[in-house]
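Below is one structure, written out as structure tokens, with a few remarks after it.
The values are calculated or read from the model by the stated rules, or taken from the named source; none is laboratory data. On a predicted model such as this, the values are computed, not experimentally measured, just so you know. Using ideal geometry, Cβ is built from the backbone for each residue, glycine included, and neighbour counts are taken over all protein chains shown. The accessibility values were calculated without ligands, DNA or RNA, using every heavy atom of the protein model including side chains. Shrake-Rupley method; radii C 1.70, N 1.55, O 1.52, S 1.80 Å.
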Amino acid sequence: MLAHTQYREEPCKSALNQCKGMPFRWTLNPYMGCVHRCTYCYVRAYEKRADRAFDDTYGGSIRVKTNVAEVLRYEVRRRSWRRETVAIGAATDPYQPAEGQYKLTRSCLEVLASAYTPFSLITRGPMVMRDIDVLQEAAQRAEVHISVSIPTLDMDVWRKTEPGTAPPLQRLKAIRRLTDAGIRAGVAIAPVLPGISDSPEQLEAVVRGAREAGATGVWANVLHLRSGTREHFLGHLARDWPELLPRYREMYRTDAYLSDEAKAPILNRVAELKAAYDVTDHRRYTITPAPVAQQLSLLALAG
């Protein structure tokens, strides 16, 4: 773990969080705060809204939910739990350095596996490879999908925009290890930064790398700048790419999101590259969850 980061060991009252307006209903975050310090992190907007630090000091204090696995175990054993998909890592990376010591993400995965609960997980941390054994067990019981975020393979862009993360090539190695183990693992090219990481050559490099690593899929999203993220990102833009500052101020002048028309060239290009490189599920070894009836009977036996 980083020496200059404060780690606050604090128990939590709930593990699962219900959300609206998202493709998933439930989220799980074993930690709060993130040391990756990505300049474009959308969580900064939520931090500002909660009147917490969203500038360069964000990530200097990490909340460690020491009892999160125990609370999660109680929640998924409730009669009301319907084994809906749980999204892990929506608000903070579940495989940031603190996980090496605390192993809270691993413990939560074990709980979800024991409860035959499907989940998706997104991370920039190659540490996900450590938990291949748990992911394999979980995938035998329910749908499991891992997304590894690799916005770019451009080393200059990576250093300037994701200063606390592992190098992109290490993340591609994680994809290879996961898919070789039979686990569904795709690449998220997110966010794409207009004028910075959206050239045809840059996008092709990521998609080609995804295919060579055995990724089961690839998807992309374009930068959005809500208040909190906007101020922080534009400040870094003024330092690293000052010539682009007027363009960004104009693009995001009236909305935090680019229009569908503005995003289309990027997303269409990624879709074309995905088809050209045939980035689909080519796993030699796949894991199929047990039939629902068998899962329910095993759950009943487990009490």
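Inside the stretch 209-226, can you point out the residues that are open to solvent by 20 Å² or more (accessible area, probe 1.4 Å), under 20 Å from the mean Cα position of the chain (by Cα) and within 26 Å of M129 (Cβ to Cβ)? Steps first, answer last, please.
Step one: of the stretch 209-226, the residues open to solvent by 20 Å² or more (accessible area, probe 1.4 Å) are 211-212, 216, 219-221, 224, 226.
Of the ones still in play, those that are also under 20 Å from the mean Cα position of the chain (by Cα) are 211, 216, 219-221, 224, 226.
Across the stretch 209-226, the qualifying residues are R211, T216, W219, A220, N221.
Which pairs have Cβ atoms under 6 Å, sit 6 or more apart or on different chains, and link a residue in the stretch 240-265 that is of a type in the set (K, R) to one that is surrounded by 13 or more Cβ atoms within 10 Å (Cβ to Cβ)?
These pairs meet every condition: K263/V222.
Here's a check for you: in the stretch 55-93, which residue that is in contact with a Pro (Cβ under 6 Å, 6 or more places away or on another chain) and buried (at least 21 other Cβ atoms within 10 Å of the Cβ) is nearest to P163 (Cα to Cα)? Full working, then the answer.
First pass over the stretch 55-93, keeping only residues in contact with a Pro (Cβ under 6 Å, 6 or more places away or on another chain): 65-68, 85, 88.
Those still in the list that are buried (at least 21 other Cβ atoms within 10 Å of the Cβ) too: 65, 68, 88.
Working: K65: 25, V68: 28, I88: 22 Å.
Checked the stretch 55-93; the qualifying residue nearest to P163 (Cα to Cα) is I88.
Please work out which residue is farthest from the chain's Cα centre (by Cα), limiting yourself to the stretch 127-151 and to residues that are among the β-branched types (V, I, T) and surrounded by 22 or more Cβ atoms within 10 Å (Cβ to Cβ).
V144
Out of C34, C38, report the one residue that is open to solvent by less than 60 Å² (accessible area, probe 1.4 Å), assigned to a loop (DSSP other than H, G, I, E, B), modelled with pLDDT of 95 or more and touching a Ser or Thr at 6+ places or on another chain (Cβ under 8 Å).
C38
Collect the residues in the stretch 94-135 that are part of a loop (DSSP other than H, G, I, E, B) and touching a Leu at 6+ places or on another chain (Cβ under 7 Å), keeping them in residue-number order. Please lay out each step first, then the result.
Looking only at the stretch 94-135, we keep the residues that are part of a loop (DSSP other than H, G, I, E, B), and these are 94-97, 103, 115-118, 124-125.
P94, P97, Y116 - these are the residues of the stretch 94-135 that are part of a loop (DSSP other than H, G, I, E, B) and touching a Leu at 6+ places or on another chain (Cβ under 7 Å).
Pairs needed: first member in the stretch 85-108, in contact (Cβ under 8 Å) with a residue 40 or more places away in the chain; second member anywhere, open to solvent by 10 Å² or more (accessible area, probe 1.4 Å) and of a type in the set (K, R); C-beta distance under 7 Å; at least 6 residues apart or different chains.
Listed pairs, sorted by first residue: D93/R124; L104/K65.
How many residues are surrounded by 13 or more Cβ atoms within 10 Å (Cβ to Cβ), out of contact with any helix residue (DSSP H, G or I) (no Cβ under 8 Å at 6 or more places or on another chain) and either modelled with pLDDT under 95 or not aromatic (F, W, Y) (or both) when one looks only at the stretch 246-263?
2
Within the stretch 227-245, is there a residue that is open to solvent by 60 Å² or more (accessible area, probe 1.4 Å) and under 22 Å from the mean Cα position of the chain (by Cα)? Can you show your working first?
The first filter runs over the stretch 227-245 and keeps only residues open to solvent by 60 Å² or more (accessible area, probe 1.4 Å), leaving 227, 230-231, 239, 242-243.
Subset that is under 22 Å from the mean Cα position of the chain (by Cα): 227, 230.
The answer is yes; a qualifying residue exists.
Can you tell me which residue within the stretch 46-93, out of those that are of a type in the set (S, T, N, Q) and part of a loop (DSSP other than H, G, I, E, B), is farthest from Q18 (Cα to Cα)?
Narrowing the stretch 46-93 to residues of a type in the set (S, T, N, Q): 57, 61, 66-67, 80, 85, 92.
The next check asks that each one be part of a loop (DSSP other than H, G, I, E, B); those that pass are 57, 66-67, 80, 85, 92.
Values: T57: 28, T66: 20, N67: 19, S80: 14, T85: 11, T92: 16 Å.
For the stretch 46-93, the residue satisfying everything is T57.
Pairs, please: C-beta under 6 Å, at least 6 apart or cross-chain, first residue hydroxyl-bearing (S, T, Y) and in the stretch 222-237, second part of a loop (DSSP other than H, G, I, E, B) and open to solvent by 10 Å² or more (accessible area, probe 1.4 Å)?
Here the result reads T229/Y42, each pair linking the stretch 222-237 to a residue that is part of a loop (DSSP other than H, G, I, E, B) and open to solvent by 10 Å² or more (accessible area, probe 1.4 Å).
Being free of Cβ contacts under 8 Å to residues at least 24 places away in the same chain and out of contact with any strand residue (DSSP E or B) (no Cβ under 9 Å at 6 or more places or on another chain) is the requirement here; does R130 meet it?
Details: free of Cβ contacts under 8 Å to residues at least 24 places away in the same chain: no; out of contact with any strand residue (DSSP E or B) (no Cβ under 9 Å at 6 or more places or on another chain): yes.
For R130, the condition - free of Cβ contacts under 8 Å to residues at least 24 places away in the same chain and out of contact with any strand residue (DSSP E or B) (no Cβ under 9 Å at 6 or more places or on another chain) - is not met.
Counting just the residues of the stretch 105-124 that are in contact with a Ser or Thr (Cβ under 9 Å, 6 or more places away or on another chain) and open to solvent by 10 Å² or more (accessible area, probe 1.4 Å), which one comes out farthest from Y58 (Cα to Cα)?
Ranking the qualifying residues of the stretch 105-124, first place goes to P118.
Sort out which residues of the stretch 91-128 are of a type in the set (G, A, S), out of contact with any Phe, Trp or Tyr (no Cβ under 8 Å at 6 or more places or on another chain) and over 10 Å from P30 (Cα atoms), and write them in order of number. Break it down into steps so the answer makes sense when it comes.
Filtering the stretch 91-128 for residues of a type in the set (G, A, S) gives 91, 98, 100, 107, 113-115, 120, 125.
Remaining after also requiring out of contact with any Phe, Trp or Tyr (no Cβ under 8 Å at 6 or more places or on another chain): 100, 107, 113-114.
Answer for the stretch 91-128, where residues must be of a type in the set (G, A, S), out of contact with any Phe, Trp or Tyr (no Cβ under 8 Å at 6 or more places or on another chain) and over 10 Å from P30 (Cα atoms): G100, A113, S114.
Go through the stretch 152-166 and give me each residue that's within 17 Å of the chain's Cα centre (by Cα) and not in a loop (DSSP other than H, G, I, E, B).
W158, T161
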